[in-house]
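Notes follow the structure.
The values are calculated or read from the model by the stated rules, or taken from the named source; none is laboratory data. Source: prediction; values computed, not measured. Cβ atoms come from the backbone with ideal geometry, glycine included; neighbour counts cover every protein chain shown.
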Amino acid sequence: MAGQKVTEHFESKENRDAAWDDAVATQECVDEAWRLWREEVAFAEKFVDEAPDLGVVSAKDDAWRGPMSLRWILVHMIEEYARHNGHADFLRERIDGRVGQ
């Protein structure tokens, strides 16, 4: 949406599943993932803060959806975070056995 060429952090043409295949249980891997996430969040927050309005449309059409507005992307991110939080809650239920809390 910002018109930048984006470098994928955890995949490549050679291995589209690198995010899964190359994940290792090391503090270095975890620290790198958090660092990259924080950088992306900071960029996105700055972009949203500087956008003239939520009707800004992506510079490049998505192959499935066509052009996307900033409003659509933000709503989609809320949905995604909610979905993943729900997944984490299912994992917690399997660990501690508590349901509906």
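So, Ala33, is that one at pLDDT 80 or above and surrounded by fewer than 12 Cβ atoms within 10 Å (Cβ to Cβ) or not? Lay out the reasoning, then the answer.
Numbers: at pLDDT 80 or above: yes; surrounded by fewer than 12 Cβ atoms within 10 Å (Cβ to Cβ): no.
Here the answer is no, as Ala33 does not meet what is asked.
Of the residues making up the stretch 24-60, those that are within 17 Å of the chain's Cα centre (by Cα), aliphatic (A, V, I, L, M) and over 20 Å from Glu11 (Cβ atoms) are Ala42, Val48. Of the helices (runs of 4 or more DSSP H) that lie entirely inside the stretch 12-97, those containing 1 or more residues that are of a type in the set (S, T, N, Q) and not assigned by TED's automatic domain parsing to the domain that holds Met1 span 70-96.
Just the residues that are modelled with pLDDT under 85 and within 18 Å of the chain's Cα centre (by Cα), please, taken from the stretch 82-100.
So in the stretch 82-100, the residues modelled with pLDDT under 85 come out as 84-100.
Result: His84, Asn85, Gly86, His87, Ala88.
Pull up the stretch 36-71, narrow it to residues that are among the aliphatic types (A, V, I, L, M) and closer than 17 Å to Gly3 by Cβ, then point me to the one that is surrounded by the fewest Cβ atoms within 10 Å (Cβ to Cβ). Applying the filter and picking the extreme gives Ala59.
Contact map, the stretch 43-54: residues that are charged (D, E, K, R) paired with residues that are assigned to a helix (DSSP H, G or I), Cβ distance under 8 Å, separation 6+ or inter-chain. Pairs shown: Asp53/Leu70.
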